[in-house]
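Note sheet for the following structure.
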Amino acid sequence: MPDIRLPDGSVKSFPAPVTVAEIAQSIGAGLARAALAGRVGGKLVDTSFRVEADSAVAIVTERDKEGVEILRHSAAHLLAHAVKELFAQAQVTIGPVIESGFYYDFSFARPFTPEDLAAIEKRMVEIAKRDLPVVRKLVPRDEAVAFFNAQGEHYKAEIIASIPSAEPISLYQQGDFVDLCRGPHVPSTGKLKVFKLMRLAGAYWRGDSKNEMLQRIYGTAWARKEDQDAYLTMLEQAEKRDHRRLGVQMDLFHFQDEAPGLVFWHPKGWLLWQAVEQYMRRVYRDNGYQEVRCPQILDRSLWERSGHWENYKDHMFTTSSENRDYALKPMNCPGHIQVFNKGVRSYRELPFRLGEFGACHRNEPSGALHGLMRARGFTQDDGHIFCTEDQILPECIAYTALLQKVYRDFGFVHIIYKIATRPPKRIGDDAQWDKAEAALIESLRRSDCDFEISPGEGAFYGPKIEYSLKDALGRVWQCGTMQVDFMMPQRLGAEYVAEDNTRRVPVMLHRAIVGSMERFLGILIENYAGAFPLWLAPGQVAVLNITERQADYAEAVAGALRQRGFRAAADLRNEKISYKIREHSLQKLPYQLVVGDKEKEANTVAVRTRGGEDLGAMALSDFIARLENEAIALGTA
């Protein structure tokens, strides 16, 4: 006779074991209709799950985050079901939930087409309307392997064969379609009402390029149509803002096959880069960092001592010369320890802060590359703080405040905080990990920051705070980090003379605010759709003459602006003024100055803003004052 404790604290007693669906029905018919799953003792289960002992139970509906994920997971099964009905020879492989949707990988003799995608989505709608019960059953592993082999589903059989033999296999059936899954799933296909297939892609089986290339179908699913419509609108806007598209349109950078995952920066793009780098350099200077520069290539022995060779080698570019093995640095920390190690350090020097715009290289899979957002070569605004254990907390608190100010200056006010804790594969003992994790947690508490815990997501050498920002479209980008590391300084021989004249190992705080410069610039391009605030804009002012008679005056105006530190250029081409205005508008310059005979005679300029507003004629000195005030307001003068 189980007693069921509900989220509101009330208790319901039942005379016999009871399913989650029956518990929902006992609360109300409306909740029973809305139930997608249950949470029993903190574990997500199907509505058919039978509760046999006293338990805490919550009913999961589409209003819950887990409910939406279950809808998406079930939509992936619906996709596979539709594909099997339409293309019986296709083999299904895996179909997980991803952010905002799901995908499923298939092995099929010919490439799917856009017409196939439309037919599959139509069949998904038909199957959903059948309202087929989704039934879970457990079978022995070998029985499941035999079943899928008999069905010609050799990929599924391979997955199951890799599971320990004593572990029962969970299968889900809807109609005549059976799939392997841990669940939970919706109680019937009729619960799936809002979904859409998005695109096709390729994916290697088990992510290994040596294996067969499969066909991946991406989709999205939501609880409400208005949520899906908003998401699709956001995607449409994101496509217009795509940094790769704007990079070409605005002549900022390009990529080419001879350098996969590496960026060719054009003059305008490099001006944007420098605006960010010089701002961050001031941040270094004003907050006690000393800037350094370390080698790109280091001997294998150093990477072995740091732990990277054992834990990170697959992501490193390696080379050899004169019978010595080297690696391009994937991160800057070992180099900074070498700087710290030169000379005897005293406790009076701590915290000792080093910063570097360090160029790093990581051997990312070609399929994972995505413009500036995921590159093989990137530069980090990397900093390392060598400190005592007592200094960890105040340093972390100060760093969070600094990061918040920097993000505000770039226009980001919504920050998400997560603490990534110890991963299964790590170095160091648990006592040190306990200290490091506790310090990060306490620093965010004292900074009045709400945060989440991401279990097992820390680096192999230490836990970290992950700072993510939201852009203009509501997308979340993880940029900043703060990592507490007791391990690497010890492994690389770092030490300082303590107050009692003993030698001690410093704690090393790894921190980055923007993270990868390339990625942050991509985020900025998409956030502003290329229409940067004045201080960031690669070109700030274009001076346009109407006829050749004003050419000298236009050049003089541009020169005066450049002397005051502004990025200005004169467009003296023999083109109609309307053409020039239109072209510079596409380049999203903050200001255009039009000069004709009248402006030349009066020593004025006709000012147009990026938004098309005509500010009329003003003296050049007044316009310069306007620019300077705008820069001061941004705190970047």
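Could you identify the single residue in 389, 395 that is at pLDDT 95 or above and under 20 Å from residue 495 (Cα atoms)? Write out each step before concluding.
On the way: 389 fails: at pLDDT 95 or above.
One residue alone meets the criteria, 395.
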Determine whether region 459-478 contains at least one residue that is closer than 24 Å to residue 524 by Cβ and among the β-branched types (Val, Ile, Thr). yes
Test: residue in region 195-217 that is in contact with a Lys or Arg (Cβ under 7 Å, 6 or more places away or on another chain), surrounded by fewer than 18 Cβ atoms within 10 Å (Cβ to Cβ), farther than 22 Å from residue 113 by Cα and not polar (S, T, N, Q): no
Positions within region 75-88 being in contact (Cβ under 8 Å) with a residue 40 or more places away in the chain and within 15 Å of residue 105 (Cα to Cα), in sequence order: 75, 76, 77, 78, 79, 80, 81, 82, 83, 84
Residue 145 fails exactly one of (1) modelled with pLDDT of 90 or more; (2) open to solvent by 50 Å² or more (accessible area, probe 1.4 Å); (3) out of contact with any Asp or Glu (no Cβ under 8 Å at 6 or more places or on another chain), namely (2)
Does residue 199 satisfy the criteria of being closer than 18 Å to residue 80 by Cα, part of a strand (DSSP E or B) and either in contact with a helix residue (DSSP H, G or I) (Cβ under 8 Å, 6 or more places away or on another chain) or not aliphatic (A, V, I, L, M) (or both)? yes
Is one or more of the residues making up region 157-179 in contact with a Ser or Thr (Cβ under 9 Å, 6 or more places away or on another chain) and among the β-branched types (Val, Ile, Thr)? yes
What tally of residues in region 1-22 results from selecting those that are over 17 Å from residue 45 (Cα atoms) and touching a Lys or Arg at 6+ places or on another chain (Cβ under 7 Å)? 1
In region 301-313, residues that are more than 18 Å from residue 458 (Cα to Cα) and open to solvent by 80 Å² or more (accessible area, probe 1.4 Å) total 2
For residue 12, which of the numbered conditions (1) touching a Ser or Thr at 6+ places or on another chain (Cβ under 9 Å); (2) crowded, with 16+ Cβ neighbours inside 10 Å; (3) basic (Lys, Arg); (4) not in a helix (DSSP H, G or I) fails to hold? (2)
With the first residue restricted to region 520-538 and required to be β-branched (Val, Ile, Thr), and the second required to be in a loop (DSSP other than H, G, I, E, B), Cβ contacts under 8 Å at 6 or more apart or on different chains are 523/373; 523/471; 525/252; 525/372
Single condition residue 428 does not satisfy, out of (1) at positive phi; (2) in contact (Cβ under 8 Å) with a residue 40 or more places away in the chain; (3) under 22 Å from the mean Cα position of the chain (by Cα): (3)
Collect the residues in region 584-624 that are in contact (Cβ under 8 Å) with a residue 12 or more places away in the chain and of a type in the set (Asp, Glu), keeping them in residue-number order. 597, 599
What tally of residues in region 299-320 results from selecting those that are outside any helix (DSSP H, G or I) and either out of contact with any strand residue (DSSP E or B) (no Cβ under 9 Å at 6 or more places or on another chain) or among the acidic types (Asp, Glu) (or both)? 2
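Residues 530, 480, 565: which one is more than 22 Å from residue 395 (Cα to Cα) and open to solvent by less than 50 Å² (accessible area, probe 1.4 Å)?
The unique qualifying residue is 530.
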Which residue out of 442, 466 is surrounded by fewer than 16 Cβ atoms within 10 Å (Cβ to Cβ) and of a type outside the set (Ser, Thr, Tyr)? 442
Are there strands (runs of 3 or more DSSP E) fully within region 321-439 with at least 1 residues that are surrounded by fewer than 21 Cβ atoms within 10 Å (Cβ to Cβ), β-branched (Val, Ile, Thr) and touching a Leu at 6+ places or on another chain (Cβ under 6 Å)? List them. 415-420
Residue by residue through region 33-79, note down the ones that are in a loop (DSSP other than H, G, I, E, B), over 11 Å from residue 192 (Cα atoms) and open to solvent by 40 Å² or more (accessible area, probe 1.4 Å). 41, 42, 48, 49, 52, 53, 54, 63, 64
Within region 66-109, work out how many residues are among the acidic types (Asp, Glu), out of contact with any helix residue (DSSP H, G or I) (no Cβ under 8 Å at 6 or more places or on another chain) and farther than 16 Å from residue 134 by Cβ. 2
Return yes or no: is residue 130 under 30 Å from the mean Cα position of the chain (by Cα) and open to solvent by 50 Å² or more (accessible area, probe 1.4 Å)? no
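The values are calculated or read from the model by the stated rules, or taken from the named source; none is laboratory data. What you see is a predicted model, and the numbers here were worked out from it, not measured in a lab. Reconstructed Cβ throughout: ideal geometry from the backbone, glycine too, with neighbour counts over all protein chains shown. SASA here: full protein model, heavy atoms, side chains in, ligands and nucleic acids out. Shrake-Rupley method; radii C 1.70, N 1.55, O 1.52, S 1.80 Å.
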